[in-house]
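First the structure, in the form of structure tokens, and then the observations on it.
The values are calculated or read from the model by the stated rules, or taken from the named source; none is laboratory data. As the structure is a prediction and not an experimental result, all values here were calculated from the model. Using ideal geometry, Cβ is built from the backbone for each residue, glycine included, and neighbour counts are taken over all protein chains shown.
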Amino acid sequence: MAFVEPVTLCERGVRLQPLALTHEDGLRAAAADGELWKLRITSVPEPQDTRAYIEAALKMREDGNRFAFAVVDEVTDTVLGTTSYHDILRAVKRVEIGYTWYRQSVQRTHVNTTAKLLMMGHAFDTLGCHVVGWRTDNFNFASQRAIERLGAKKDGVIRGHALRRDGTIRDTVMYSMRSGEWPEARAQLLYLLEQRVQ
């Protein structure tokens, strides 16, 4: 049995459901909103590569080291983007959250905060994780700010860690949150979401 079993998570009009090939058209449209594949600091697939992107995610799910979700608007059933648990370490009860991107029109809205609240809650409260981690490109300052807003602590930087899509080598900024930090982080995220509603 896999550590992360298929689950659908919903809150505040945002639905996280297991990524499937049926999301191909929606994910392609989400990436086209802002031509996100042109950003050198993300791994958003080009339109013709969307199916292969999903197939790779499904293979990683089968291997037990990634579980990808489609992020969907509950009212319109529009695919807004995707996010994943990855680097899943059952023995130490640790997952990372990443492979996250959203159509440009919903960036800096409640969508990312809600999705992360759902995923962190599931990781800590249901899976019993001791640690949830994040990683991002050293030049992806927006992502770093978003991760820090979640309450994660910066662990450090791994230099010369991975290739970007343009072939340059990136440094990776690592973050984490321990289970004991989750209650306060959850309270803060709920507060931030309430402020956006008003």
Residue check for ARG159: charged (D, E, K, R), closer than 22 Å to LEU189 by Cβ and not in a helix (DSSP H, G or I): no
Of the residues that sit in region 168-198 and are more than 20 Å from the chain's Cα centre (by Cα) and among the β-branched types (Val, Ile, Thr), which one is modelled with the lowest pLDDT? VAL197
Which of the residues spanning region 33-61 are free of Cβ contacts under 8 Å to residues at least 24 places away in the same chain and assigned to a loop (DSSP other than H, G, I, E, B)? GLU35, LEU39, PRO45, GLU46
Between ARG40, ARG103, ARG61, ARG108, which is of a type in the set (Lys, Arg) and either touching a Cys at 6+ places or on another chain (Cβ under 7 Å) or at pLDDT 95 or above (or both)? ARG61
Selected residue (criterion: surrounded by the fewest Cβ atoms within 10 Å (Cβ to Cβ)) from residues of region 16-69 that are within 30 Å of MET1 (Cα to Cα), polar (S, T, N, Q) and more than 16 Å from the chain's Cα centre (by Cα): THR22
Of the residues in region 163-198 that are over 18 Å from LEU118 (Cβ atoms) and free of Cβ contacts under 8 Å to residues at least 12 places away in the same chain, the one that is surrounded by the fewest Cβ atoms within 10 Å (Cβ to Cβ) is GLN198
Given (1) more than 21 Å from THR126 (Cα to Cα); (2) modelled with pLDDT of 95 or more; (3) more than 17 Å from the chain's Cα centre (by Cα), index of the condition LYS93 fails: (1)
Taking the stated definitions as given, is VAL4 part of a strand (DSSP E or B) and out of contact with any Asp or Glu (no Cβ under 9 Å at 6 or more places or on another chain)? no
Would a scan of region 132-143 turn up a residue that is in a strand (DSSP E or B), touching a strand residue (DSSP E or B) at 6+ places or on another chain (Cβ under 7 Å) and among the aliphatic types (A, V, I, L, M)? yes
Checking VAL75 against (1) more than 15 Å from LEU27 (Cβ to Cβ); (2) in contact (Cβ under 8 Å) with a residue 40 or more places away in the chain; (3) surrounded by fewer than 18 Cβ atoms within 10 Å (Cβ to Cβ); (4) under 18 Å from the mean Cα position of the chain (by Cα), only one condition comes out false. Which one? (4)
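Results for (1) on the phi > 0 side of the Ramachandran plot; (2) in contact with a helix residue (DSSP H, G or I) (Cβ under 7 Å, 6 or more places away or on another chain); (3) crowded, with 18+ Cβ neighbours inside 10 Å; (4) part of a loop (DSSP other than H, G, I, E, B), shown as yes or no for each residue.
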| site | (1), (2), (3), (4) |
| --- | --- |
| ALA91 | no, no, no, no |
| TYR99 | yes, no, yes, no |
| MET119 | no, no, yes, no |
| GLY128 | yes, no, no, yes |
Just need a number here: residues in region 162-198 that are in a helix (DSSP H, G or I), farther than 18 Å from HIS122 by Cβ and among the aliphatic types (A, V, I, L, M). 2
Within region 1-43, restricting to residues that are in contact with a helix residue (DSSP H, G or I) (Cβ under 7 Å, 6 or more places away or on another chain) and basic (Lys, Arg), the one that is nearest to THR136 (Cα to Cα) is ARG28
